[in-house]
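The values are calculated or read from the model by the stated rules, or taken from the named source; none is laboratory data. Treat the numbers as computed from the prediction; the structure is a model and nothing was measured. Here Cβ is always computed from backbone atoms with ideal geometry, including for glycine, and neighbour counts include all displayed protein chains. Just so you know, the surface numbers come from the protein's heavy atoms only, side chains and all, with ligands and any DNA or RNA stripped out. Shrake-Rupley method; radii C 1.70, N 1.55, O 1.52, S 1.80 Å.
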Amino acid sequence: MTITLYNTRTRQKEAFEPIDAENVRMYVCGPTVYDRAHLGNARPVIVFDVLYRLLRHVYGPEHVTYVRNFTDVDDKINARAAKSGREIGEITAETSQWFLDDMAAVGALEPSIRDQDNNRAMPRATQYIAQMIVMIEDLIAKGHAYAKEGHVLFRVRSYEGYGKLSGRSVDDMIAGARVEVAPFKEDPMDFVLWKPSDAQTPGWESAWGRGRPGWHIECSAMAHELLGEAFDIHGGGNDLMFPHHENEIAQSKCAGHDFANFWMHNEMLQVEGKKMSKSLGNFFTVRDLLDQGVPGEVIRFVMLSTHYRKPMDWTEKKRQEAADTLWKWKKLAEGAERQRRPHLEVVAALSDDLNTPLAISLLHQKFAEAQTQEERNRFLATLSLIGIGDDWRDGVAVSVENAFETVTLDGIANKIVEARSQKDFALSDELRNVLTSAGVVVQITKEGVSWERGPNFDPSKLEGLK
Ligand code: AMP
Ligand code: ZN
């Protein structure tokens, strides 16, 4: 099946032809690690996870290499450390693990390249400083960069392709952007490749003195080191197109690398029609939602119900609808066996520039048609392509399952059985009400009491019980 993808570089959908079908390569800019990922940060992770799954399906899981980096050297991290009095390494290690946990909770597979130092998922920028220095030296040697006052700057006007990705001219960019004018810059557009560090700031020895890299160079150096001279897909959010991706292209092209063939960008996420921002009080992290009892798969489903190139609106209504749908689907998938034969129409929908809304509407149709065991197996296999149901076991998502809750719920069910055996129906009703108000579906029969988590299950309503 041919995959077509919208390429930001050419502004059109193109047939995707990998450079090497034995090793399809994708790079997605990862997070700067100083705080919890907010809901918007999960969008590129989920979108490119679906692409990763599709590529693995089409080319075989062992033939796809996916790199996503951790930016663990950045002035925002330094500022956080100074403010909190904590060690930088402690902050970045903690935040990286939060990110991995939160993204696992929304069903994202780990990228395939791990950190070279500690073999944890995702390579960290600070492990690639030597490669960044080599690249900066090369850019200076080729006349595309210059050192001044402990800084190294990229000479933007030395690269004629600058601005092509985002479709702007250098002069427009100067007019529209908040470019920093500094005495060590030849031109206000020039951006930092290397800057000096004082004794309190993390730094590495270099020909230009002790310093640290600017942000953009890490992606160029890491993509080159981990994926080679040329690779297939580079992804990230729309907001990264300029300046970050323009700068990555300028650096890599001027160093003589072919760099990425396809550039893909997801649109931004909003909340109830408004930009998510702390001042509007509608800012929340992925962990906030998980802690409120919103299962990761619901977050994922809502994200995928909008095409990645459209702005996406997170609403309470969508969350509720997603929970209801997944509840029904989970029931159907109960007892289904895992296999690798998804419905071709759904593969085709995803192959058409990741048309996840169409994939979901086809899944609704397949759900309505699934009568036989074979159809249920296929339904489950198809869901896996969009990353739903990987952790379903006997119809219960492990992500929602929590030992404490199970003990609590079993304990209440046992008390109901006991109350009924003593004909204490008032107590039995009261306990049942506790469960139903927490969204648990309870069935009382002569054989006993059974329960399962309903679509509105809210574990916080069980707090204080035991
Ligand atoms: P940052 O840590 O801000 O560099 O962002 C990490 C990733 O999340 C980048 O790919 C951003 O483009 C993406 N991102 C940030 N905010 C949003 C948002 N509101 N909606 C969608 N993606 C976002
Ligand atoms: Zn990047």
| request: With the condition kept exactly as written, say whether any residue in segment 429-444 is farther than 28 Å from residue 323 by Cα and open to solvent by 40 Å² or more (accessible area, probe 1.4 Å). | output: no
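Can you tell me which residues in segment 446-463 are open to solvent by 70 Å² or more (accessible area, probe 1.4 Å) and over 34 Å from the mean Cα position of the chain (by Cα)?
446, 447
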| remark: Every listed condition ((1) within 14 Å of ligand 2 (Cβ to nearest atom); (2) more than 21 Å from residue 66 (Cβ to Cβ); (3) open to solvent by 20 Å² or more (accessible area, probe 1.4 Å); (4) not small (Gly, Ala, Ser)) holds for residue 241 save (2)
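A quick yes/no check of all residues on (1) within 16 Å of ligand 2 (Cβ to nearest atom); (2) out of contact with any helix residue (DSSP H, G or I) (no Cβ under 6 Å at 6 or more places or on another chain):
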residue: 16; (1), (2): no, yes
residue: 19; (1), (2): no, yes
residue: 36; (1), (2): no, no
residue: 42; (1), (2): no, no
residue: 51; (1), (2): no, yes
residue: 56; (1), (2): no, yes
residue: 64; (1), (2): no, no
residue: 67; (1), (2): yes, no
| request: Can you give me the number of residues within segment 427-466 that are out of contact with any strand residue (DSSP E or B) (no Cβ under 7 Å at 6 or more places or on another chain), in a helix (DSSP H, G or I) and at pLDDT 80 or above? | output: 8
| said: Anything in segment 259-273 that is more than 11 Å from ligand 1 (Cβ to nearest atom), open to solvent by 50 Å² or more (accessible area, probe 1.4 Å) and assigned to a strand (DSSP E or B)? List them, or say none. | reply: 261
| request: Scan segment 226-245 for residues that are in contact with a helix residue (DSSP H, G or I) (Cβ under 8 Å, 6 or more places away or on another chain) and within 16 Å of ligand 1 (Cβ to nearest atom) and jot them down. | output: 233, 234, 235, 236, 237, 242, 243, 244
| request: Kindly indicate whether residue 32 is among the hydroxyl-bearing types (Ser, Thr, Tyr), touching a strand residue (DSSP E or B) at 6+ places or on another chain (Cβ under 9 Å) and more than 15 Å from ligand 2 (Cβ to nearest atom). | output: no
| request: Pick out the one residue from 325, 315 that is at pLDDT 95 or above, more than 20 Å from residue 367 (Cα to Cα) and away from ligand 2 (no atom under 16 Å from the Cβ). | output: 315
| said: Any residue at all in segment 245-258 that's away from ligand 2 (no atom under 16 Å from the Cβ), touching a His at 6+ places or on another chain (Cβ under 9 Å) and not in a loop (DSSP other than H, G, I, E, B)? | reply: yes
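Look through segment 19-64, keep the residues that are part of a loop (DSSP other than H, G, I, E, B), within 30 Å of residue 213 (Cβ to Cβ) and away from ligand 1 (no atom under 16 Å from the Cβ), and return whichever of them is most open to solvent (accessible area, probe 1.4 Å).
Step one: list which residues in segment 19-64 are part of a loop (DSSP other than H, G, I, E, B), which gives 19-23, 29-31, 33-37, 60.
After this cut, where a residue has to be within 30 Å of residue 213 (Cβ to Cβ) as well, the list is 19-20, 23, 29-31, 33-37.
Cutting the leftovers down to away from ligand 1 (no atom under 16 Å from the Cβ) gives us 19-20, 23.
On the way: 19: 83, 20: 60, 23: 50 Å².
Taking the candidates together, the pick is 19.
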| query | Does segment 67-89 contain at least one residue that is touching a His at 6+ places or on another chain (Cβ under 9 Å), assigned to a helix (DSSP H, G or I) and not polar (S, T, N, Q)? | reply | no
| remark: Inside segment 191-233, the number of residues satisfying the requirement of being more than 14 Å from ligand 2 (Cβ to nearest atom) and among the β-branched types (Val, Ile, Thr) is 2
| query | Conditions: (1) over 26 Å from residue 390 (Cα atoms); (2) within 13 Å of ligand 2 (Cβ to nearest atom); (3) in contact with a His (Cβ under 9 Å, 6 or more places away or on another chain). Residue 236 meets all but one. Number of the miss? | reply | (1)
